[in-house]
Amino acid sequence: MRVQLVECPRDAWQGLPTFIPTEIKIRYLKALLKVGFHTLDAGSFVSPKAVPQMQDTSEVLSALPYSEYPQTGILVIVANQRGIETAVQHPAVRYIGYPLSLSETFQKQNTRQSREEAEALIPILVEACQRHEKIPVVYLSMGFGNPYGDPYSPQEVIDTGEKLRQQGVSIVSLADTVGIATPETVYDILRAAITHVHGVTWGAHLHAQPDAAWSKIEAAWEAGCRRFDSALGGYGGCPFAGVPLVSNLRTESLLSFLREKDALPTLNEEALNEAQSLLPSAFR
């Protein structure tokens, strides 16, 4: 399988305390569209009270020339049925991401739902996506363990992945939400998931300090993962976990790793440089 690069400005923006003006978001996302990423995680349809930074997602997406760059699919995050119904109606959206936590504590903190309530929305998400020709992507939050002492096991990852596959989900991304995974656990959990649950593209949404990023990327790669989430500059981190933010994987580190493996997809380097030049203003 060819490497799928998922660039995540939404994840990088969501926790910033100062609102990034709509026109700056649009300018940055336009630059990213030209790069050639597989997926652009561009916004979310969630409560503006919960995530005020994303209150302008619909306006931002409507201003993007997405049809000129069909190689890049736009992804948005939703957390409830209202968000699903809004997302499937937007013509710019190709992928709809849904966070399902393996930790009950984090599910309640992140989406104000129990895990049972969150799981009950999966069939609704899949049916809505099928009806509107969108593709569901489920993020298994706390996919490598959690800091709360909640029950966790590799078998739970496998069982949940298999259940999602049976429900019609074809892309599942394991999230190291607060950066607690070691390279060993990244390898072991992803390898188990990829080995036991077929018919699913398994991704890695990793968080890591810069000095730990390379080893986690390498572990995921050796496990067979070929779908990676990252953010230019390494900005971001989950603001809902109740623990200090741990950065997204730096896209720059991921691209360097893939160059070394001779596995880097074709990208527009000029456009990439343009996007990088906008980083200070886009994440001030």
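Determine whether GLY179 is at positive phi and buried (at least 18 other Cβ atoms within 10 Å of the Cβ). Criteria met by GLY179. Does LEU264 fit the bill of being closer than 29 Å to VAL200 by Cβ, touching a Ser or Thr at 6+ places or on another chain (Cβ under 7 Å) and at pLDDT 95 or above? The answer is no for LEU264.
Okay, residues lined up against (1) β-branched (Val, Ile, Thr); (2) more than 18 Å from ILE122 (Cα to Cα); (3) within 19 Å of the chain's Cα centre (by Cα):
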residue	(1), (2), (3)
GLN166	no, no, no
VAL172	yes, no, yes
ALA193	no, yes, yes
SER215	no, yes, no
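For the stretch 106-129, give me each residue that is among the polar types (S, T, N, Q) and either under 20 Å from the mean Cα position of the chain (by Cα) or closer than 17 Å to VAL172 by Cβ (or both).
GLN107, GLN109, ASN110, THR111, GLN113
Counted as qualifying within the stretch 58-125 are the helices (runs of 4 or more DSSP H) with 2 or more residues that are modelled with pLDDT of 95 or more, namely 81-89, 115-120. Take LEU40 and decide whether it is in a strand (DSSP E or B) and either closer than 27 Å to GLY145 by Cβ or in contact with a Gly (Cβ under 8 Å, 6 or more places away or on another chain) (or both). Criteria met by LEU40. The number of residues in the stretch 144-154 that are free of Cβ contacts under 8 Å to residues at least 60 places away in the same chain and either crowded, with 24+ Cβ neighbours inside 10 Å or not hydroxyl-bearing (Ser, Thr, Tyr) (or both) comes to 7. Give the residue that is surrounded by the most Cβ atoms within 10 Å (Cβ to Cβ), with candidates limited to residues of the stretch 11-53 that are modelled with pLDDT under 95 and charged (D, E, K, R). Looking at the filtered set, the residue picked out is ASP11. Of all residues in the stretch 61-89, those satisfying the criterion of being in contact (Cβ under 8 Å) with a residue 60 or more places away in the chain and of a type in the set (A, V, I, L, M) are LEU75, VAL76, ILE77.
The values are calculated or read from the model by the stated rules, or taken from the named source; none is laboratory data. All of these numbers come straight from a predicted model, not from anything done at the bench. Positions of Cβ are backbone-derived with ideal geometry, glycine not excepted, and every protein chain shown enters the neighbour counts.
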